[in-house]
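The values are calculated or read from the model by the stated rules, or taken from the named source; none is laboratory data. Since we're looking at a predicted model, the values are computed, not measured. Don't worry about glycine lacking a Cβ; one is built from the backbone with ideal geometry, like all the others, and counts go over all protein chains shown. Surface areas here come from the heavy atoms of the whole protein model, side chains and all, with no ligands, DNA or RNA. Shrake-Rupley method; radii C 1.70, N 1.55, O 1.52, S 1.80 Å.
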Amino acid sequence: SGINLPRMADDQYEVGRPVSMSRLQPGDTVFFSTYTDGISHVGIYIGDGLFISATSSRGVAVDHIHDGYWGPRYAGARRIL
């Protein structure tokens, strides 16, 4: 699609425009603060409260944005297109 994104999640968080959780659409990038302060994980929202991301423990995984692990670590979302 001609979109270039930085490699690191914290740099990707600076691309696009902010989107509130209530206005998420499939394709929006969703960001989390996991093992360190600031943004350290990124996924792609796929709808119905779900996102897809690459994890170190499970490989590519689909998770609910509000679940026990991800919910408290949610940091924001961006729309690139």
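Roughly how many percent of the accessible protein surface of the chain is carbon and sulfur, given a 1.4 Å probe and a whole-percent answer?
C and S atoms contribute 51 percent here.
Would you mind counting up the charge near residue 49? Only other residues with Cβ under 12 Å from its Cβ, with Lys and Arg at +1 and Asp and Glu at -1.
Summing Lys and Arg as +1 and Asp and Glu as -1 gives -3.
Which log10 I(q)/I(0) values, to two decimals, does the stretch 18-62 give at q = 0.13, 0.22 Å⁻¹ under the Debye formula with one point per Cα?
At q = 0.13, 0.22 Å⁻¹ the computed log10 ratios are -0.29, -0.78.
What distance in nm lies between label points placed 7 Å from Cα along the C-beta direction at residue 15 and residue 61?
Computed distance between label sites residue 15 and residue 61 equals 2.4 nm.
Taking the highest mean first, how do the peptides 71-79, 53-61 order by number of other beta carbon atoms within 10 angstrom per residue?
Packing proxy ranking, top to bottom: 71-79, 53-61.
Of 31, 5, 53, which is farthest on the positive side of the dipole of the chain, counting Cα position, with +1 on Lys and Arg Cβ, -1 on Asp and Glu Cβ, and the Cα centre as origin?
5
Given only helices, namely DSSP H runs of n ≥ 4 each adding -39500 (n - 2.57), what is the per-residue ellipticity at 222 nm of the chain, to the nearest 500 deg cm²/dmol?
Helix contribution divided over all residues of the chain: -500 deg cm²/dmol.
What is the chain by shape, rounded, prolate or oblate, if you read a ≥ b ≥ c off the alpha carbon gyration tensor as root eigenvalues and call it rounded for a/c under 1.5, prolate for a/b larger than b/c, and oblate otherwise?
rounded
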